[in-house]
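Input: a single structure, listed below in structure tokens.
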Amino acid sequence: AKDDGGGVHCTYVPSLHADAEERRTLELSLRHAIAKEEMHLNFQPVVNAQSEGIVSFEALLRWTSEEHGMVSPAKFIPLAEDTRLIVPIGKWVLHEACRQATRWPEEIKVAVNVSGEQLLEPNFTATVVEALAATGLPANRLELEVTESVFLRDGRTANEALEAIIALGCSIALDDFGTGYSSLGYLRSIRFSTIKVDRSFVQGAAQESPESIAIIRAVVAMAQSLEMQTTAEGVETVEQADMIRELGCTKIQGYYFGRPMEASEAYSLVAKRRNA
Ligand code: C2E
Ligand code: CA
Ligand code: CA
Ligand code: CA
């Protein structure tokens, strides 16, 4: 209906207005969420596909707003990106994720999602250095997850920032692989440690979609020749886990092995597995 004329305004403007209004109040709350300590992190385990031992935790941001209650990341992350509030919020996430990881009874990695707005910001490398220095987390225990979209926006700056971060000793994972408009060109220049295969392919493969299976096979083969690992995202059932293992993904993440959990639960899980 975008190309329609005047008459459409009567029906569309009120709802657009309501949307804009909701975004505005949400943004106001988001602006103070960190200071009001409304944010915290959950941690979801990623396991070795063969041994099923925990290899890392992905930090996932949670927001419980005084005014809006629990707000889904699917809603507030895009808003934070649009308003650039993701820059200070992301800085807090990095610190908090590193701080939690230093407490775990085993030296497993923590993976932190990084938006394009953060990565393409001139001070981003300094922010990473600061988070590591302030918490004492060794660089090789921090993994940053980026999506293909950062290379579309400003490939050169993204490359430079990622090179600098790799030089620090951190690793980089390519998130949601296959969902964007990838050119694959960046796979030549960035040594990703891991390619994360999007949940949609995992679910397709489990439903025996020949396309999804073929794509996962191809991604696994490509990753192997590039000496990168592959994580299957969104594995929810034992059937999916078996399928993914058969297809050769090296790591598995999903509700089947663990939902995103509170920091204290993540700690206990590591401690329990360690003593098992
Ligand atoms: P993502 O990076 O792809 O994270 C994985 C999402 O899939 C998480 O949703 C996780 O809870 C969900 N998930 C994990 N296993 C399963 C499963 O087996 N089945 C299903 N159906 N879902 C599963 P969540 O926590 O709602 O986060 C959504 C997105 O928000 C993330 O997608 C990421 O793009 C973004 N996000 C979350 N935290 C941060 C953050 O600290 N910074 C930035 N920049 N983005 C974040
Ligand atoms: Ca991620
Ligand atoms: Ca993902
Ligand atoms: Ca995502």
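The values are calculated or read from the model by the stated rules, or taken from the named source; none is laboratory data. The structure presented is a predicted model; accordingly, all values stated were derived computationally and were not measured. Using ideal geometry, Cβ is built from the backbone for each residue, glycine included, and neighbour counts are taken over all protein chains shown. Ligands, DNA and RNA are excluded from the accessible area calculation, which covers all protein heavy atoms including side chains. Shrake-Rupley method; radii C 1.70, N 1.55, O 1.52, S 1.80 Å.
At q = 0.22 Å⁻¹, what log₁₀ I(q)/I(0) does segment 59-195 have when each alpha carbon counts as one equal point scatterer in the Debye sum? Reported log10 I(q)/I(0), two decimals: -1.46.
Note on Ser268 and Arg188: the extension gain reaches 24.9 nm, defined as 0.36 nm multiplied by sequence separation minus the Cα-Cα distance. Summary of the geometry: segment 61-132 and segment 208-276, compared by the centres of their Cα atoms, lie 23 Å apart. The modelled label-to-label distance between Arg62 and Ser200, using points 7 Å beyond Cα along the C-beta direction, is 2.8 nm.
Hand me the GluC sites (Glu not before Pro) from segment 216-257 located in a DSSP loop with no more than 14 other Cβ atoms within 10 Å, in residue order please.
Details: sites: Glu227, Glu233, Glu236, Glu239, Glu246; in loops: Glu227, Glu233, Glu236.
Answer by residue number: Glu227.
Stokes-Einstein diffusion for the chain, with the hydrodynamic radius set to the Kirkwood value over Cα pairs and evaluated at 25 °C in a medium of 0.890 mPa s, equals 123 µm²/s.
Result for the chain in a Gaussian network model with C-alpha springs under 10 Å: among Ala266, Ala126, Ala223, the largest mean-square fluctuation is at Ala126.
What part of the accessible area of the chain, given as a whole %, is carbon or sulfur when the probe is 1.4 angstrom?
In the chain, the share of accessible area belonging to carbon and sulfur is 51 percent.
Within the chain, the longest segment free of exposed loop sites, counting trypsin sites (Lys or Arg not before Pro) that fall outside DSSP classes H, G, I, E and B and have at most 12 other Cβ atoms within 10 Å, spans 37-276. Overall, segment 95-170 carries a charge dipole of about 180 debye about its Cα centre when +1 sits on the Cβ of Lys and Arg and -1 on the Cβ of Asp and Glu, all other atoms neutral.
If the segment from Glu106 to Asn48 were pulled out straight at 0.36 nm per residue, it would be longer than the present Cα-Cα gap by 19.4 nm. Amide H contacts for Met261 (H built 1.01 Å from N in the peptide plane; partners 5 or more residues away or on another chain; cut-off under 5 Å): Phe43, Gln44. Across segment 219-224, coupling constants 3J(HN,Hα) worked out from phi with the 6.51/-1.76/1.60 Karplus curve, θ = phi - 60°, read 5, 4, 5, 5, 4, 4 Hz, and Gly and Pro carry x. Only helical runs count toward this figure. For the chain, summing -39,500 (n - 2.57) over DSSP H runs of n ≥ 4 and dividing by all residues gives -16000 deg cm²/dmol at 222 nm. Among the GluC sites (Glu not before Pro) in segment 90-189, those placed in a DSSP loop whose Cβ has at most 15 other Cβ atoms within 10 Å are Glu106, Glu107.
Counting only DSSP beta bridges whose two residues both lie in segment 48-156, roughly 25 percent are antiparallel. The residues of the chain expose on average 51 square angstrom of accessible surface per residue, using a 1.4 Å probe on protein heavy atoms. Qualifying chymotrypsin sites (Phe, Trp or Tyr not before Pro) in segment 233-265, where qualification requires a DSSP coil assignment and no more than 14 other C-beta atoms within 10 Å, comprise Tyr255. Under a Gaussian network description of the chain, with springs only between Cα atoms under 10 Å, the residue in His95, His17, His40 that fluctuates furthest is His17.
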